[in-house]
Amino acid sequence: MDNLTARIIELSSGVYVIPGTTNVGVVTNENLSSNGSSVDVYLIDSGSTEIDGEYVLDVLKAFFEQLGQTFNVKAIITTHGHPDHCGAHNFLKQETGCQLWAAKHEQGAMETPIIQGTVLWGGYPPHEMRTLFFMPSPTYLDHAIKADEIIELSGGRRLSFMELNGHSYQTFCAIISDKNDKKVIFPGDNIFPRNEIINHWIPLILNPVQYMESLDKLCAIEKVEWCIPSHGDFLKRNINEAAELNKIAIISTRTCILDSLKTKKRMTVEDIVKYVADKNDLQMTFSQYALVYSTVKSYIAVMHDAREIKMEVSDNKLYFSLPVQK
Ligand SMILES: [Zn+2]
């Protein structure tokens, strides 16, 4: 395999990333009884499809062959259960015999993938949402990651986890600390780098308030050398800047929803989605519509809970409006 250094990038001792549509993390653990000739590997996420899995495996084979080492994929650590993060799990498990790990609250949708489409659609999803993009084959977990779990690694390193919420039900950020406590972190989709957030100004979010709180948790982690979001560029010293931009995007969508409600006495969800999309110059495909629709509904729910938006069924339609100012 040519140009291997671009296909697997070293971030710190024993921590690598295989860049792709979904960036896949690689953490090695020297097998002490083998005198360094064999290593255990933990992967972080696997990609969208079997093709991504084949690619990851090819890169690993070429990489360890070049080092003169054999490798054993011990587990895939899933940041969260969205299809573009666990779509290659089954292939890699079949090929390597590895275990599949994820948070308990991601398990339901991974084992019953139609739930992903049902969440977005709000009922039994149409066939367009029963494709691999929304619905990979079922993935069964071998281990539920716990927030306080720590895996000791060779060279005085350790692998730990931080729970992040707001993008999915329960994302786990994987944190690899070296013996001086310098860290490489893999936060999944709980932060988007500058290029990604600018391109997708309204990313899929389950709870915008929790998402913002999780950004603060991420920024508070000390001694972070590298932060590898699942999509797009890697972050080094610009984590705070990216987090700020993520927050600006969220606040802007929230403001846009409130603005939409100032244009009419009351609006349906479809009206609000159209207003937000038009204001952001989006020409959505069905897939984009599904993601933006679900995200806008999440914002509305959180804002309704905070009594910023009123909800009522009238003449058999669901309407939203601004509360009357007293
Ligand atoms: Zn995701």
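The values are calculated or read from the model by the stated rules, or taken from the named source; none is laboratory data. In this text, all values refer to a predicted model and were calculated from it rather than measured experimentally. FYI the Cβ positions are ideal-geometry reconstructions off the backbone, even for glycines, and counts take in every protein chain you see.
In table form, for the structure just shown:
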{"item": "Residue check for Ala243: within 22 Å of Met162 (Cα to Cα), out of contact with any Leu (no Cβ under 8 Å at 6 or more places or on another chain) and of a type in the set (Gly, Ala, Ser)", "result": "no"}
{"item": "Hits in the range 67-121 (condition: more than 15 Å from the ligand (Cβ to nearest atom), part of a helix (DSSP H, G or I), within 16 Å of the chain's Cα centre (by Cα) and not polar (S, T, N, Q))", "result": "Lys104"}
{"item": "Residue in the range 224-239 that is without any contact (Cβ under 8 Å) to a residue 24 or more places away in the chain, buried (at least 20 other Cβ atoms within 10 Å of the Cβ) and more than 16 Å from the chain's Cα centre (by Cα) present", "result": "no"}
{"item": "Leading residue by the ranking (nearest to Phe133 (Cα to Cα)) among those in the range 38-51 that are free of Cβ contacts under 8 Å to residues at least 60 places away in the same chain and within 15 Å of the ligand (Cβ to nearest atom)", "result": "Gly47"}
{"item": "Strands (runs of 3 or more DSSP E) (entirely within the range 1-55) containing at least 1 residues that are within 16 Å of the chain's Cα centre (by Cα)", "result": "15-18, 24-30, 38-44"}
{"item": "Extreme residue, farthest from Lys223 (Cα to Cα), among residues of the range 245-261 that are free of Cβ contacts under 8 Å to residues at least 40 places away in the same chain and surrounded by 15 or more Cβ atoms within 10 Å (Cβ to Cβ)", "result": "Ser260"}
{"item": "Scope the range 17-65; condition among the polar types (S, T, N, Q) and out of contact with any strand residue (DSSP E or B) (no Cβ under 6 Å at 6 or more places or on another chain); matching residues", "result": "Thr21, Thr22, Ser33, Ser34, Asn35, Ser37, Ser48, Thr49"}
{"item": "Pairs with Cβ under 9 Å, 6+ apart, first in the range 156-182 and β-branched (Val, Ile, Thr), second within 16 Å of the ligand (Cβ to nearest atom) and in a helix (DSSP H, G or I)", "result": "Thr171/Glu106; Thr171/Ser214"}
{"item": "Sole residue being of a type in the set (Gly, Ala, Ser) and not assigned by TED's automatic domain parsing to the domain that holds Asn31, chosen from Ser230, Ser177, Ser154", "result": "Ser230"}
{"item": "Qualifying residue in the range 120-134 (condition: within 30 Å of Ile221 (Cβ to Cβ) and either in contact (Cβ under 8 Å) with a residue 40 or more places away in the chain or surrounded by 21 or more Cβ atoms within 10 Å (Cβ to Cβ) (or both))", "result": "no"}
{"item": "First in the range 103-119 and farther than 13 Å from Pro138 by Cβ and assigned by TED's automatic domain parsing to the domain that holds Arg130, second anywhere and in a helix (DSSP H, G or I) and hydrophobic (A, V, I, L, M, F, W, C), Cβ under 8 Å, 6 or more apart", "result": "Gly117/Met129; Val119/Ala109"}
